[in-house]
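> Could you have a look at this structure, given as structure tokens, before my questions?
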Amino acid sequence: MEPWNSTLNSDFILMGILDNSGSPELLCALFTALYMLALTSNGLLLLVITMDARLHVPMYFLFGQLSLMDLLFTSVVTPKAVVDFLLRDNTITFESCALQMFLALTLGGAEDLLLAFMAYDRYVAICHPLNYIIFMRSSICWLMVATSWILASLTALIFTTYTMQYPFCKSRKIRHLLCEIPPLLKLACADTSTYELMVYVMGVTFLIPPLAAILASYTLILFTVLHMPSNEGRKKALVTCSSHLTVVGMFYGAATFMYVLPSSFHSPRQDNIISVFYTIVTPALNLLIYSLRNKEVTGALMRVLGRHIMPENPTL
């Protein structure tokens, strides 16, 4: 195929899961509901963490960053997918495709690193509680967050720039929910085998070391929890850690499938389902998994809402 003119005036066509589904209207309604759930839950959590002084601790500072990343991640993908389906217009401009790819890679990479830092926070809190204030002081927390955002954004910029410089064939249909590297490379006219190897190495580098750190942290946590004399302390630690591990499993499972497994394991339908999982489903469920099992979060939510819904009684 001859390359089509991939300039800033050229458009791609996103052929996501809504276009290949037997019940697109039902799926569209489900995506909208999940997006509203993600907006509400993440927005409420950010409000509660900001307003309740009892949650101004490292664990909830990192938790708030996860909430922000999830909120932005799903907002990069879901509104466009729903609006495109309703307007029957799946086009996306070249520059918008590049921007969406950059934002998705940045937010996904930042969340990947943040989850590892959150595991370290739990490790210090449970295994070294007397040194928690030292190891998780404010400057360390900010360094963790800055590292997540900066390293992810720089990596995203490099890979987005490199991906979008390829000449693309006349077929402009991206058989995917959003602009991501693997489905976009299928439209390239040039040989992409070396670059695909680079993407694989990037996926392994970004996913496997943080995942290994998380597993090591929770292995040490498990040994410590099993030797706790207090049943109440053991139960609280296990509830907090199990919530985190549930989120880790959902995020890393989907990301590993997309960026670590060889291309021979991929199909457009499978990739679409996986992309829906980590861009729409996971951001909506993350906060529910954490907050519904966390008495501190639910208690703070009740206090904040009660402060605004039920004004204080006037002095008699």
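The values are calculated or read from the model by the stated rules, or taken from the named source; none is laboratory data. Bear in mind that the values here come from a model prediction, so they are computed numbers and not experimental data. All Cβ positions, even for glycine, are placed from backbone atoms using ideal geometry, and neighbour counts span all protein chains on display. Ligands, DNA and RNA are excluded from the accessible area calculation, which covers all protein heavy atoms including side chains. Shrake-Rupley method; radii C 1.70, N 1.55, O 1.52, S 1.80 Å.
> Out of the residues in the stretch 11-48 that are more than 13 Å from residue 283 (Cα to Cα) and open to solvent by less than 20 Å² (accessible area, probe 1.4 Å), state the one that is farthest from the chain's Cα centre (by Cα).
The qualifying residue farthest from the chain's Cα centre (by Cα) is 12.
> Examine the stretch 133-151 for a residue that is among the aromatic types (Phe, Trp, Tyr), at negative phi, out of contact with any His (no Cβ under 9 Å at 6 or more places or on another chain) and open to solvent by 20 Å² or more (accessible area, probe 1.4 Å), and state whether such a residue exists.
Yes: the stretch 133-151 contains one or more residues that are among the aromatic types (Phe, Trp, Tyr), at negative phi, out of contact with any His (no Cβ under 9 Å at 6 or more places or on another chain) and open to solvent by 20 Å² or more (accessible area, probe 1.4 Å).
> While we're on this one: Could you grab me the full set of residues in the stretch 152-179 that are in a helix (DSSP H, G or I), open to solvent by 80 Å² or more (accessible area, probe 1.4 Å) and either touching a residue at least 24 places away in the same chain (Cβ under 8 Å) or of a type in the set (Val, Ile, Thr) (or both)?
157, 158, 161, 162
> Give the number of residues within the stretch 39-73 that are under 21 Å from residue 116 (Cβ atoms) and assigned to a helix (DSSP H, G or I).
19
> Mind checking which residues of the stretch 54-70 are open to solvent by 30 Å² or more (accessible area, probe 1.4 Å) and either at pLDDT below 90 or closer than 13 Å to residue 279 by Cα (or both)?
54, 56, 57, 59
> Given 201, 247, which one is loosely packed, with under 15 Cβ neighbours inside 10 Å and either modelled with pLDDT of 85 or more or not in a loop (DSSP other than H, G, I, E, B) (or both)?
After ruling out the rest, the residue left standing is 201.
> Here's a follow-up. Looking for something more than 23 Å from residue 207 (Cβ to Cβ) and either assigned to a helix (DSSP H, G or I) or open to solvent by 30 Å² or more (accessible area, probe 1.4 Å) (or both) - is there at least one such residue anywhere in the stretch 103-118?
Looking for residues that are more than 23 Å from residue 207 (Cβ to Cβ) and either assigned to a helix (DSSP H, G or I) or open to solvent by 30 Å² or more (accessible area, probe 1.4 Å) (or both), one finds none in the stretch 103-118, hence no.
> How many residues are surrounded by 13 or more Cβ atoms within 10 Å (Cβ to Cβ) and in a helix (DSSP H, G or I) if we restrict to the stretch 122-132?
Number of matching residues: 7.
> Okay, next question. Scan the stretch 117-143 and report the pairs whose first residue is among the small types (Gly, Ala, Ser) and whose second residue is surrounded by fewer than 18 Cβ atoms within 10 Å (Cβ to Cβ) and at pLDDT 90 or above, with Cβ atoms within less than 8 Å and a gap of 6+ or a chain change.
Pairs found: 119/213; 125/132.
> Every residue in the stretch 180-197 that is open to solvent by 50 Å² or more (accessible area, probe 1.4 Å) and free of Cβ contacts under 8 Å to residues at least 24 places away in the same chain, please.
186, 191, 193, 194, 197
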